[in-house]
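Participant: Got a structure here, written out as structure tokens. Questions coming.
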Amino acid sequence: MSLKIAVMPGDGIGIEITAEAVKILQHYKRSGRLDVEMDEAPVGGAGYDAAGKPLPDETLALAKASDAILFGAIGGPEYDSLARELRPEKGLLGLRAELDLFANLRPAILYPQLADASSLKPEIVAGLDIMIVRELTGGIYFGQPRGIETDASGERKGFNTLVYKEGEVDRISRVAFDIAMKRDKRLCSVDKANVLEVSELWREVVINAGKDYPEVELSHMYVDNAAMQLVKWPKQFDVMVTKNMFGDILSDCAAMLTGSIGMLPSASLDADSKGMYEPIHGSAPDIAGKGVANPLATILSVAMMLRYSLDHAELADEIDVAVGRVLDKGLRTPDIMAEGCKEVGTIEMGEAVLAEL
Ligand code: IPM
Ligand code: MG
């Protein structure tokens, strides 16, 4: 039976970059190496435009019926004034929650060819290879109660709830331990246990899960220190595991160490390794439609999809190599442009990867 992939370009540059990633899948399909069917559906602002909500019923149904989802990016200034429930972000958060995609893997890998694109000194980032494992369906993003209320005196208050159940912490920490076992066997759990009870529990549960992974060296770090250490000496980290909001923040920070947020893919997995794959950058409305967005993060997301959900690691390896070769040739989109390189647009970059395959 064919593998089913739902393609959700979303908004802004999501449309351009997804198109390049789809070409890679089509290439493998044409050459008979991947038996795959692709269906496209609107999400985010595009979902709102098509069906009046950011996660249309048909889009959700398609996501549920698919083996994997390729997601572009969502959001744009034209949607910012909508009610919170109708904003594009709700499409993404809805997919994560509805599909129980609790494990978000965000690798921060520095391609040696791009060492100069980082704002940090090359010796600090050379060879960087960190995996951030972010809990994605719990914590303050989803905790109840939440809202904005007016009290008796007429003053308004906004509130959210940061809550984690033991089971939620246990399952995400096991994903992180499993990944650490396949790497350098070092796991750093990031929390705020000096202030937050929820972090105190988090730490306890992670330590407990760790008893099943005696080979993994487990350490703990407060999130403020982790942010500092990431820019001070990032190579001290192998795998990091953390709650939803800390992971959101630290993964942007880690991404920038590699020079461009336009290079980094991500996977969001459920308990059976069904997953949604997306570049970690956003919809970049300022450059949308100009043909200059970097498609490599999305192309590398396809590689992650082949590896984690579709059981085609050999094709994933090929894509990783092809991206390296294209960088070796000096092709650069504007976000990673450097002296002596050749500046190319989205399509040219996509075609160059395809040519290497
Ligand atoms: C991310 C994004 C999302 C998040 C937004 C778009 C809802 O920043 O995937 O990191 O906060 O999770
Ligand atoms: Mg983010």
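Participant: Provide the net charge surrounding VAL344, with neighbours chosen by a C-beta distance below 12 Å and charges set as Lys +1, Arg +1, Asp -1, Glu -1.
Facilitator: Charge balance near VAL344 sits at -2.
Participant: Put +1 on the Cβ of each Lys and Arg and -1 on the Cβ of each Asp and Glu in the chain; which of TYR308, LEU3, LEU257 then has its Cα farthest toward the positive end of the dipole?
Facilitator: LEU257
Participant: With the other protein chains left in place, how much accessible area per residue, in square angstrom, belongs to the chain at a 1.4 angstrom probe? Could the numbers behind the result be given before it?
Facilitator: Working: 15600 Å² over 357 residues.
Result: 44 Å² per residue.
Participant: So, one more: How high is the relative contact order of the chain, in percent, counting Cα pairs under 8 Å that sit 6 or more residues apart?
Facilitator: 21
Participant: I've got another one for you. So if I restrict to the alpha-carbon atoms in segment 103-269, what is the Rg, and what is Dmax, the biggest pairwise distance, in Å?
Facilitator: That works out to 17.2, 60 Å for Rg and Dmax.
Participant: Compute, for HIS220, the solvent-accessible surface of its heavy atoms (probe 1.4 Å) with the complete set of protein chains present, and express it in square angstrom to the nearest 10.
Facilitator: 60
Participant: Check which residues have an amide H placed less than 5 Å from TYR222's amide H, if you skip close sequence neighbours.
Facilitator: ASP191
Participant: If you place +1 on the Cβ of every Lys and Arg, -1 on the Cβ of every Asp and Glu, and leave all else neutral, what size is the dipole of the chain about its Cα centre, to the nearest 20 Debye?
Facilitator: 360
Participant: Also, I was wondering about something else. Just want to confirm a number: the relative contact order over segment 103-269, from Cα pairs under 8 angstrom separated by 6+ residues, in percent.
Facilitator: RCO, segment 103-269: 37 percent.
Participant: While we're looking at this one, here's another question. Just how much of ILE207 is accessible, in Å², when a 1.4 Å probe is used and the result is rounded to the nearest 10?
Facilitator: 80
Participant: What number does the chain give for Rg over Rh if you use C-alpha atoms and the Kirkwood radius?
Facilitator: 0.96
Participant: Apply the Karplus curve 6.51 cos²θ - 1.76 cosθ + 1.60, θ = phi - 60°, to the phi angles in segment 142-154 and return the couplings in whole Hz, x for Gly and Pro.
Facilitator: Values, residue by residue: 10, x, 10, x, 8, x, 10, 10, 10, 8, 4, 7, x Hz.
Participant: Another question about this same structure. How large, in percent, is the carbon and sulfur part of the accessible surface of the chain at a probe radius of 1.4 Å?
Facilitator: On the way: 8120 of 15600 Å².
Answer for the chain is 52 percent, counting heavy atoms of protein chains only.
Participant: With +1 assigned to the C-beta of every Lys and Arg and -1 to the C-beta of every Asp and Glu, and no other charges, what is the dipole magnitude of segment 103-269 about the Cα centre in debye, to the nearest 20? Mind dumping the intermediate values first?
Facilitator: Numbers: 19 positive and 23 negative charges, 49 e Å.
In total the dipole reaches around 240 debye.
Participant: Let me ask something else about it. Among the listed pairs LYS64/LYS329; LYS29/LYS211; LYS4/LYS329; LYS29/LYS243; LYS4/LYS342; LYS121/LYS329, which are separated by more than 32 Å between their Cα atoms?
Facilitator: Long pairs (Cα-Cα over 32 Å): LYS64/LYS329; LYS29/LYS211; LYS4/LYS329; LYS29/LYS243; LYS4/LYS342.
Participant: Excluding the sites themselves, what is the longest stretch of the chain that contains no GluC sites (Glu not before Pro) in a DSSP loop with at most 12 other C-beta atoms within 10 Å?
Facilitator: No qualifying site falls inside 1-154, the longest such stretch.
Participant: Between rounded, prolate and oblate, where does segment 1-133 land on the alpha carbon gyration tensor, with a ≥ b ≥ c its root eigenvalues, rounded for a/c under 1.5, else prolate if a/b exceeds b/c?
Facilitator: It comes out oblate by the Cα gyration axes.
Participant: With a length cut of 15 Å (Cα positions projected on each helix's long axis) and a Kyte-Doolittle mean of at least -1.0, go through the chain and give me the DSSP H helices that pass.
Facilitator: 14-30, 88-98, 166-181, 197-210, 244-257, 296-308, 313-328, 346-356
Participant: If amide H atoms are built 1.01 Å from N in the plane of the peptide, which residues on other chains or at least 5 residues away come under 5 Å of the amide H of ALA68?
Facilitator: Amide H neighbours of ALA68: LYS4, ALA6.
The values are calculated or read from the model by the stated rules, or taken from the named source; none is laboratory data. In this text the structure is predicted, and so the values were computed from the model without any measurement. We place every Cβ from the backbone using ideal geometry, glycine too, and count neighbours over all the protein chains shown. Remember, those area values only see protein heavy atoms, side chains included, never the ligands or the DNA or RNA. Shrake-Rupley method; radii C 1.70, N 1.55, O 1.52, S 1.80 Å.
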